[in-house]
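Engineer: Okay, handing you the structure first.
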Amino acid sequence: MFESFDREIRNSDSMTMHQNFIGGSWIDGQEAADNINPSDTGDIIGSYARASRQQAEDAIGAARAAFPAWSRSGIQQRHDILAKVASEIMARKDELGRLLAREEGKTLAEAIGEVGRAGQIFDFFAGEVLRLAGEKIASTRPGVEVEVTREPVGVIGIITPWNFPIAIPAWKIAPALAYGNCVVFKPAELVPGSAWALSDIIVRAGAPEGVFNLVMGRGSVVGETMLNDDRVDAITFTGSVATGKKVAAACVEHMRKFQLEMGGKNPMVVLDDADLKVAVECAVNGAYFSTGQRCTASSRLIVTEGIHDKFVDALTDRLKGLVVDDALDTATHIGPVVDQSQLDQDNSYIDIGKAEGANLAWGGERLNRSKPGFYLQPALFTETTSDMRINREEIFGPVASVMRVKDYEEALAKANDTPFGLSSGICTTSLKHASHFRRNAEAGMVMVNLPTAGVDYHVPFGGRKGSSYGPREQGRYAAEFYTVVKTAYTLP
Ligand code: UN1
């Protein structure tokens, strides 16, 4: 069905360098990097090109040159390309999921789910191409017509993180192309495999020369080049707060549009009247699935006195039963941490928590499995306070802490006592508290009796405070970032 299967197999040979795609051609990098499996560090998934500064500039130039024609192209063409991408992703869900789990370390089930989400996102934006509408508004001046339309922004620089190797690229690339922009895509260095596979699909779906460019490589080379080039009209970034601030500063300097998705320190409140089973499942899923490596992870569990001990006991029991092992093994619940430096960060926060006086109720041990990988036992701290660093800074690993509170009011105050504001959850059977929390949680997303992580693909995604900057991603709200508004006045 898809003509490039042969090429796919040849390219997954670790001896072949997976190339960048610049100005309509696959091009070798100046250097190459090995893609290593975190479940088994002896397993090299493949060799991936690292673009030079010049190659990143060439990609930007190609995107710039392609923009006038692409931005005025017919909506049928754009729809068809995106729909084709969606159907190939869906048809190859299992194979791409396997690649994703192998390079990132989330479980096979999570990885296949993520690939499905990427397919659905392309499908959704294929439809959005056809639905983009403007407005006709009456003028205050008789005889004058006012029309408000949305136009493409131009060249969009897309910088994505390693924790969602295909879904986050999909939710940035799909709307960028849907609304008539050209793309320069720089995936995270740790997960070039899924990015390359997605790019190959987009290229074969018929994106015209220069419209879509893949530039794998280092942040300090490719990322910096994108930030400093005047021909980039907008940058969308998901990643750390520190890098987000650099992106923001460069974008202000160049007076270009930008959108940032950064950290989270998401609270999950559990009230006395919660269904204990629901609360424990929300906590396990939100805090530990995907190895806790989600900006939507529930890292702060805020629990009222009456249910506290029961909740901690039930959660600890549940953690004891989780299998931490090779992401590709179907019996695994929690895969490895992504790499050594993330593991060092997780371990250092476990030490910090202990030094701050938190009680390590379970886990936190480095685990040895049959293959050499970055395995860490999920860790649960109890008796923690809001001022501890483990409750203020994003750890980005399978580490969560419980705070004991008196009542709902104290729980809400603690939930909001954070520099972040991405997702905020509550487990309760009280309509009164659920409604109050929905209104008063200082977060971009609120979850009632659901994990803080794991979102739909067709509705807005994003946060407040230190978590996000700029318009929301996903759903039809994505048009805010990927288009610019024009107001036209006509005297016929
Ligand atoms: C999810 O929880 O389903 O980097 C998505 C992240 C987020 C995506 C979370 N941007 O973790």
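What follows draws every value from the coordinates through simple rules; no lab data is involved. Given the structure is predicted, the values throughout are model-derived calculations rather than measurements. As a convention, Cβ positions derive from the backbone with ideal geometry for all residues, glycine included, and neighbour counts pool all protein chains shown.
Engineer: Note down, for the chain, the three equivalent ellipsoid semi-axes (square root of 5 times each alpha carbon gyration tensor eigenvalue), biggest first, whole angstrom.
Structural biologist: Here the semi-axes work out to 38, 29, 19 Å.
Engineer: Let me ask something else about it. What is the antiparallel percent of DSSP beta bridges lying wholly in the chain, to the nearest 5?
Structural biologist: 45 percent
Engineer: I've got another one for you. Take the Cα radius of gyration of the stretch 357-407 and divide it by 2.2 N^0.38 Å, with N its residue count; two decimals is plenty.
Structural biologist: 1.34
Engineer: Got a sec to turn the phi values of the stretch 389-402 into Karplus ³J(HN,Hα) couplings, 6.51 cos²θ - 1.76 cosθ + 1.60 with θ = phi - 60°, whole Hz, x for Gly and Pro?
Structural biologist: The phi angles translate into 4, 5, 9, 10, 9, 6, 8, 6, x, x, 9, 9, 10, 9 Hz.
Engineer: To continue, here is another question. What trypsin sites (Lys or Arg not before Pro) does the stretch 37-139 have in DSSP loop regions with at most 10 other beta carbons within 10 Å?
Structural biologist: In loop regions of the stretch 37-139 (DSSP not H, G, I, E or B), the sparsely surrounded trypsin sites (Lys or Arg not before Pro) are Arg72.
Engineer: Take the residue pairs Lys172/Lys245; Lys106/Lys310; Lys186/Lys257; Lys320/Lys371; Lys245/Lys354 and return only those whose Cα atoms are more than 26 Å apart.
Structural biologist: Those over the limit are Lys106/Lys310; Lys245/Lys354.
Engineer: Also, quick follow-up: Considering Cα pairs under 8 angstrom that are at least six residues apart, work out the relative contact order of the chain and quote it in whole percent.
Structural biologist: Across the chain, relative contact order equals 17 percent.
Engineer: For the stretch 271-292 and the stretch 235-261, what is the separation of their Cα centres, given in Å?
Structural biologist: If we compute the Cα centre of each part, the gap is 33 Å.
Engineer: Using the 2.2 N^0.38 Å rule of thumb for compact globular proteins, work out how the stretch 45-185 stacks up: its C-alpha Rg over that value, please.
Structural biologist: Against the compact-globule rule of thumb, the ratio is 1.29.
Engineer: Could you list which residues have their amide H under 5 Å from that of Ala379, counting only those 5 or more apart in sequence or on another chain, with H placed in the peptide plane?
Structural biologist: Placed amide hydrogens put Gly364, Val399, Ala400 under 5 Å from Ala379.
Engineer: Now, a different point. Quick one: Debye curve from the alpha-carbon atoms of the stretch 440-490 only, equal weights, vacuum; give me log10 I(q)/I(0) at q = 0.14, 0.15, 0.18, 0.30 Å⁻¹ to two decimals.
Structural biologist: Log10 of I(q)/I(0), two decimals: -0.47, -0.52, -0.68, -1.23.
Engineer: Shifting gears a bit: Above 26 Å lies some portion of the pair distances; for the stretch 267-456, what is it as a whole percent of all C-alpha pairs?
Structural biologist: 25 percent
Engineer: Turning to a different aspect of this structure: Could you tell me which of rounded, prolate or oblate describes the stretch 259-340, using a ≥ b ≥ c as the square roots of the eigenvalues of the alpha-carbon gyration tensor, with rounded for a/c under 1.5 and, failing that, prolate when a/b is larger than b/c and oblate otherwise?
Structural biologist: Oblate, because a/c is 1.5 or more while a/b does not exceed b/c.
Engineer: Where the centroid of each part is defined by its Cα atoms, how far is the stretch 363-399 from the stretch 298-345 in Å?
Structural biologist: Result: 8 Å between the Cα centres.
Engineer: Relative contact order for the stretch 165-312: what percent, with Cα pairs under 8 Å and sequence separation of 6 or more?
Structural biologist: Taking the mean separation of contacting Cα pairs over the length of the stretch 165-312, I get 17 percent.
Engineer: Let me ask something additional. Assign one of three labels to the stretch 409-479, namely rounded, prolate or oblate, based on the Cα gyration tensor with a ≥ b ≥ c the square roots of its eigenvalues; rounded applies when a/c is under 1.5, prolate when it is not and a/b is larger than b/c, and oblate otherwise.
Structural biologist: Taking the square roots of the gyration eigenvalues as a ≥ b ≥ c, the stretch 409-479 is oblate.
Engineer: If you average the sequence gap of Cα pairs under 8 Å that are 6 or more apart and divide by the length of the stretch 267-456, what percent do you get for the contact order?
Structural biologist: Relative contact order here is 30 percent.
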